[in-house]
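Report on one structure; see the data block that follows.
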Amino acid sequence: MDQIINAVDLQNKTIRSKELLSISKRKEVLLKLKEAITDNEEEIVLALKSDLGKSRFESYISEIDFVVHEIDMALKNLDKWAAPKKVRSSLTFFPVRSYIYPEPYGKVLIISPWNYPFQLLLDPLVGALAAGNTAVLKPSELAPETAKVIEKLFGSYIDPKYVAVVTGAVEETTVLLEQHFDYIFYTGNGAVARIVMSAAAKNLTPVTLELGGKSPCLVLSKNLDISAKRIIWGKFFNAGQTCVAPDYVLLKSEDRAEFVSHCKKWIEHFFGANIQGNEDYGRIINERHFDRISSYLEDAEILCGGDVDRSEKYISPTIVLAQRDSSAMQEEIFGPVLPIIEIDNLENGINYILDNDKPLASYAFLDTDEEKERFIREVSSGGMVINDTIVHLSNPNLPFGGVGESGMGAYHGKHSFELFSHKKSVMKRSFLFENSLRYPPYKGKLDLIRKILSML
Ligand code: NAD
């Protein structure tokens, strides 16, 4: 545990050195991070293959390029993002100028999960560095090969005085949480989020919690074919182990047969007849999650798929007919099982969603503008896509994060810079024109002040 205390001490010195207040220094570290990633792309792909059976394509678009793209965006815009912003001032203290200066918090702790073990650790890091913070990274122990590669990359490319990596599990994370960080960014489940937030409370450390939940997908469009195609893609990407994957589908019973037949067609089109042998289809992270997901098949009617092989942690793309009390509907599925719940109409579908915790994402396939606006207005969720799934997180102009049980705080692109920056309010006054109205003695001044304030 000395390693943790030393890492934190070293970063305290970096903060006192004020090195990262320099924008060019931040850019230098970000460029080094980009170099570390691009030089070692192959090793990262192999580690992700080993941990999650992830295909090269999915690793590239959802892990590697995702982070590189964010680095490029930060490098291109950092001068603009970091510049003080002038805001309007009231005439009360004329002459005066008012500004918002973004400043780094200091040391950031980033704790990440196993499902996108590369991207979910490094993407927040881009924002933390761009904003001038140092960082300690804690990769998930459940994706050990990726954690090893990350540890190696940082060991050889980036000085630990800027970014340190601490590998390990609960014990190490507990010690990390005992240290005084200036910001904690946690991605994972809600139970651990509560531990993180309690630890942060001791030092009044601000937190961002990127959590999960059951993201609903309401299908009332007549275009069941394209709806099915986009749902199947979003659901079975990374074998369903995506925080924003559609968790379950709500549709009318009269549409069910046609929808499921389109789903079957697209599953075969995407993954062929031998899905287990297809390298585009991933594996479940470990036996514990395999057993949990397989158990959802016990009390639901299987409409498609349902093949499992524990020796390979393989579960085929599966669709089940579920009820409100089915085991699959009691917690986030986070795997390749898609329950269908039958509903009667839009009102009924929206109320089903509102009966549950606010999800990280919600999806609706709808044809009329009136229905779309109603869904957007009435359903609260971290993010939302109309007529598609999961694509919102690819737009860095949209803040990505949850609400309620699905988390707090949001990042990506400029929003990451803002998340990791304290916005310092600065007023610059001059010595010209000294107005004595505000100083005691106040006698006889109130009426005049009232008049002036009512005119402003
Ligand atoms: P996990 O088990 O890898 O845990 C996440 C991190 O918490 C790890 O680094 C782990 O070491 C640490 N941890 C675990 N137990 C701890 C404890 N008792 N004390 C301190 N630290 C502890 O990942 P997970 O939680 O299974 O991740 C899956 C969840 O994350 C799902 O709910 C998913 O929806 C959510 N998720 C959210 C996002 C998002 O961006 N909002 C992204 C991915 C996953």
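The values are calculated or read from the model by the stated rules, or taken from the named source; none is laboratory data. Here the structure is a predicted model, which means the values were calculated and not measured. Glycine gets a Cβ as well: all are built from the backbone with ideal geometry, and neighbour counts include every protein chain shown. Calculation scope for accessible area: heavy atoms of the full protein, side chains included, ligands and nucleic acids excluded. Shrake-Rupley method; radii C 1.70, N 1.55, O 1.52, S 1.80 Å.
The modelled label-to-label distance for the pair LEU75/SER430, using points 7 Å beyond Cα in the direction of Cβ, is 4.2 nm. Overall shape: prolate for segment 77-197, with the ratio a/c of the largest to smallest alpha carbon gyration tensor axis at 1.5 or above and a/b above b/c.
Give, in nm to one decimal, the length gained when the segment between ALA169 and LYS265 is fully stretched (0.36 nm per residue of separation minus the Cα-Cα distance).
On the way: separation 96, 0.36 × 96 = 34.56 nm, distance 4.16 nm.
Fully extending the segment from ALA169 to LYS265 adds 30.4 nm.
For segment 334-376, the residues whose backbone nitrogen is under 17 Å from a point 7 Å from the Cα of ARG324, taken along Cα to Cβ, are 340-358. Here the 3J(HN,Hα) profile of segment 366-376, calculated from phi with Karplus coefficients 6.51, -1.76 and 1.60 at θ = phi - 60°, is 9, 9, 9, 4, 4, 5, 4, 5, 5, 4, 4 Hz, Gly and Pro shown as x. A cut-off of 5 Å between modelled amide H atoms, ignoring neighbours fewer than 5 places along the same chain, links GLU301 with LEU321. Over segment 409-449, the fraction of Cα-Cα pairs per 5 Å bin, rounded to whole percents and listed from the shortest bin up, is 6, 15, 13, 10, 10, 9, 7, 8, 13, 8, 2. Counting only DSSP beta bridges whose two residues both lie in the chain, roughly 40 percent are antiparallel. Here the calculated FRET efficiency for GLU254 and CYS304, from their Cβ-Cβ distance with R0 = 22 Å, stands at 0.75, rounded to the nearest 0.05. How many percent of all Cα-Cα pairs in segment 310-354 sit more than 13 Å apart? The answer is 64 percent, as a whole percent. Annotation for GLU28 and GLU41: the two label points, set 7 Å from Cα along the Cα-Cβ direction, are 2.7 nm apart. Think of the chain as a dipole: +1 on every Lys or Arg Cβ, -1 on every Asp or Glu Cβ, centred on the Cα centre; then among ILE4, CYS304, TRP233, ILE4 lies furthest on the positive end. Our coupling estimate for segment 292-302, obtained by passing each phi through the Karplus curve with A = 6.51, B = -1.76, C = 1.60 and θ = phi - 60°, is 4, 5, 4, 5, 5, 7, 6, 10, 9, 7, 7 Hz, Gly and Pro reported as x. Exposure check, 1.4 Å probe, all protein chains in place: SER394 carries approximately 80 Å² of accessible surface. Every Cα-Cα pair of the chain was included, and the share exceeding 28 Å stands at 56 percent. Measuring spread by the Cα atoms of segment 216-401 yields a radius of gyration and Dmax of 15.6, 49 Å. Between the amide H of ALA135 and those of VAL108, VAL163, ALA164, distances stay under 5 Å, these residues lying 5 or more places away or on another chain, with hydrogens modeled in the peptide plane.
When DSSP beta bridges are limited to those with both residues in segment 78-157, what percentage is antiparallel, rounded to the nearest 5?
Details: 3 of 8 bridges.
The antiparallel fraction comes to roughly 40 percent.
Bridge orientation summary for segment 216-401: considering DSSP beta bridges with both residues in this region, about 20 percent are antiparallel. Under 29 Å Cα to Cα from LYS265, which lysines show up? Leave out anything in the same chain fewer than 8 places away. Partners within reach: LYS49, LYS54, LYS214, LYS222, LYS229, LYS235, LYS252, LYS313, LYS372.
Inter-label distance, GLU331 to ASP291: 1.2 nm, where each label sits 7 Å from its Cα along the C-beta direction.
Label zone (SER98, point 7 Å along Cα-to-C-beta; backbone nitrogen cut-off 12 Å) within segment 416-430: 425-428. In order along segment 6-22, the phi-based Karplus estimate (6.51 cos²θ - 1.76 cosθ + 1.60, θ = phi - 60°) of 3J(HN,Hα) comes to 5, 4, 5, 4, 4, 6, 4, 5, 4, 5, 5, 6, 6, 4, 7, 6, 7 Hz; Gly and Pro are listed as x.
Each principal axis of the Cα cloud of segment 131-245 was evaluated for its coordinate range; sorted largest first, these ranges are 56, 34, 29 Å.
Counted over segment 298-456 with a bin width of 10 Å, the fraction of Cα pairs per bin, in whole percents, is 8, 22, 23, 15, 11, 9, 6, 5, 1. Around the amide H of GLY382, modelled in the peptide plane, lie the amide H atoms of LEU360, ALA361, VAL403, all under 5 Å away and 5 or more residues distant in sequence or on another chain. With a Förster radius of 22 Å applied to the beta-carbon distance between ASP159 and LYS423, the computed FRET efficiency rounds to 0.20.
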